[in-house]
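Worksheet: the structure to be examined is printed underneath.
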Amino acid sequence: MDTGDLAWVLVASSLIMLMTPAVGLFYGGMVRRKNVLSTIMLSFTVLIAITIQWVLFGYSLTFGPDIGHVIGSLEWFGLEGVGSIPYPDYAKTIPHLAFMLFQMKFAIITPALITGAFVERIRFSSFIIFTLLWSTLVYDPLAHWVWGIGGWLRNLGALDFAGGTVIHISAGVAALAIAMVIRERKGYGRVSMEPSNVLLTLLGAILLWFGWFGFNGGSALAANSLAVHALVTTNIAAAAASLTWMALSWRRSRPSVIEMATGAVVGLVAITPACGYVGVPAAIIIGAVASVVSYYCIQWRQRLKIDESLDVWACHGMAGTWGAIATGLFASKAINPAGNDGLLYGNAYLFFVQILSVLVAWVFSFTATYIIALAIDKTRGLSVGIREEEVGLDISQHGEEIYAGL
Amino acid sequence: MKRIEAIIKEENLDAVKAALEAAGFIGLTVFNCRGRGTGGGINLEWRAGTYKVDLLHKIMLMMIVKDHETTTVTDIILEVCKVDATSGAGKIFISPVEEVIRIRTNERNEDAL
């Protein structure tokens, strides 16, 4: 046991906890005033629902003793046997319970990211069912494949330092899939849908950036130089991406706060799988390219007329895809001996495995999410009635208003 | 010239605006307002119970139109807002306007509309 490592992992877990409500604020600022509370509540609901799912069986399915390289067993149901003694296969120097807590925060933020796809018309009860099913049937198996001892992608040698594939690709692609099932918002593409509060979005982005130090730095699972390296590359990529997005928007018209904030988040997404494996110049390139990729993907998505409302696919799915591929290009054993060399250092194998893990995450997340969404839509309906949508979800689903009184 | 002041539900604004625009009525002014009619309000959620809101958010849409356009405009508003109309659907007030001046050009009355 190492008290320094433990202290850092506990702080990192707390930092990541902050990110899930921050996703709610980030998204809440971009929807219309009548849906701000509803949008924030989606993220908060994931926080409370997946905490319980995770300690009951989610953690065991993901990290429990492997069954056939595809899923964990239920041996650790209800955290049975998960206690103060370290589980050396995952983290030698901290209690097993601390590793469980750290991983819980990742399991929580992932479904919260997806909520951007269906804001302003999701039926709240259907959303809870979707979230529980998605976590159990998509996140838990995929995270087991990549991170669980015995998981088949882990065995192939795929690198994913803090969850680019497991979290960002899976959430981004799931967002696209569910947006193709749920009906679009009434008047989408015709009436103006004004962001209610840009400051809320900026505040969300600031808290996300802050929390991301725990997300990426904590993934070293130790207070060591690798954690330092991850924090540094994380900060660099966020800045490079934010600057790039600002430049893109300036070239088109004017540099806006909402675009600067979006760029920062996209850079954080892209560096996530790579932060513990790549050097400083690579971090700048990864951030800058991520913004270009996501920016043009948003424009393309709009032309397709899919109401994937807050562009989770473009920002998380595509920046995550770029980050996973970039890890296969720029990773270096000189940075992290436990990693591997990428294509630029003469190792084509890692590049191939990264592409494979991206494809697996895409196909699995899209297919499974599409089926889950379709099943819920056909049985109880994913969306509220048109009239409830027009009144706004804050009042129709939750009986509250964000600004009451005169 | 007439002033039309229509108090309508917030959720009908987009549809009213689109219907007016389709009939060639572009200019309008919109106010956020609160008020009550005979319906008496709704209950919203409080920590462990509900509380009564007796002044509800509405939109007041104001337009100044030529006399002969008045019925066309009010018919459009009525047609949209009557769909599924429940208590609280609103009211329309019509009153005469003495003079209109366009600030940029000093044009007067109907030329300024």
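Bear in mind that the values in this text are calculations on the coordinates, not laboratory data. The structure displayed is predicted, hence computed values, not measured ones. Note: ideal-geometry Cβ built from the backbone for every residue, glycine included; neighbour counts use all protein chains shown.
Centre-to-centre, using Cα atoms only, the stretch B:8-77 and the stretch A:241-312 are separated by 39 Å. Classify the stretch A:238-333 as rounded, prolate or oblate from the Cα gyration tensor: take a ≥ b ≥ c as the square roots of its eigenvalues, call it rounded if a/c is under 1.5, otherwise prolate when a/b beats b/c and oblate if not. Oblate, since a/c reaches 1.5 and b/c is not below a/b.
The label-point distance for A:ILE306 and B:MET60, in a model that sets each label 7 Å from Cα toward Cβ, rounds to 4.6 nm. Simple spin-label estimate for A:ARG251 and A:ILE386 gives 4.2 nm between the two label positions (7 Å along the Cα-to-Cβ direction from each Cα). For the stretch A:143-251, what D do you get in µm² per second when you plug the Kirkwood radius from alpha-carbon pairs into Stokes-Einstein at 25 °C and 0.890 mPa s? Approximately 142 µm²/s, per Stokes-Einstein. For the protein assembly as shown, just say rounded, prolate or oblate: build the C-alpha gyration tensor, square-root its eigenvalues into a ≥ b ≥ c, call rounded for a/c under 1.5, and beyond that prolate if a/b exceeds b/c, oblate if not. Judged from the Cα gyration tensor, the protein assembly as shown comes out prolate (a/c at least 1.5, a/b above b/c).
With a Förster radius of 51 Å applied to the beta-carbon distance between A:LEU56 and B:ASN32, the computed FRET efficiency rounds to 0.65. If you look at the Cα atoms of the stretch A:73-122, you get an Rg and a Dmax of 15.3, 46 Å. From the Cα gyration tensor of chain B, with a ≥ b ≥ c the square roots of its eigenvalues, which class applies: rounded if a/c is under 1.5, or else prolate if a/b is larger than b/c, or else oblate? Prolate. Close amide H partners of A:ALA223, meaning residues 5 or more places away or on another chain with modelled amide H under 5 Å apart, are A:ASP5. Coupling constants for the stretch B:85-97 follow from the phi torsions by the Karplus curve (6.51 cos²θ - 1.76 cosθ + 1.60, θ = phi - 60°), and in residue order they are 5, 10, 4, x, 6, x, 9, 10, 10, 10, 9, x, 10 Hz; glycine and proline get x.
For a label point 7 angstrom out from the Cα of B:GLU107 toward its Cβ, which stretches of the stretch B:21-58 have the backbone nitrogen within less than 20 Å? Once the point is set 7 Å along Cα→Cβ of B:GLU107, B:21-29 turn out to lie under 20 Å by backbone N, inside the stretch B:21-58.
When each of B:ASP111, B:ASP14 is scored by the number of other beta-carbon atoms lying within 10 Å, the sequence from fewest to most is B:ASP111, B:ASP14. Each of A:CYS275, A:CYS297 was scored by other Cβ atoms within 10 Å of its Cβ. Arranged with the fewest first, they read A:CYS297, A:CYS275. By other beta-carbon atoms within 10 Å, ranking A:ARG183, A:ARG254, A:ARG121, A:ARG32 with the fewest at the front produces A:ARG254, A:ARG183, A:ARG32, A:ARG121. Computed from the Cβ-Cβ distance with R0 of 22 Å, the FRET efficiency linking A:ILE48 to A:LEU137 stands at 0.65. Descending by average beta-carbon neighbour count within 10 Å, the peptides A:41-51, A:334-344 line up as A:41-51, A:334-344, the highest first. Of all the stretches in chain A, which is the longest one without any exposed loop site, taking GluC sites (Glu not before Pro) in a DSSP loop (any state but H, G, I, E, B) with at most 12 other Cβ atoms within 10 Å? Looking at chain A, A:81-406 is the longest stretch - no exposed GluC sites (Glu not before Pro) with at most 12 other Cβ atoms within 10 Å.
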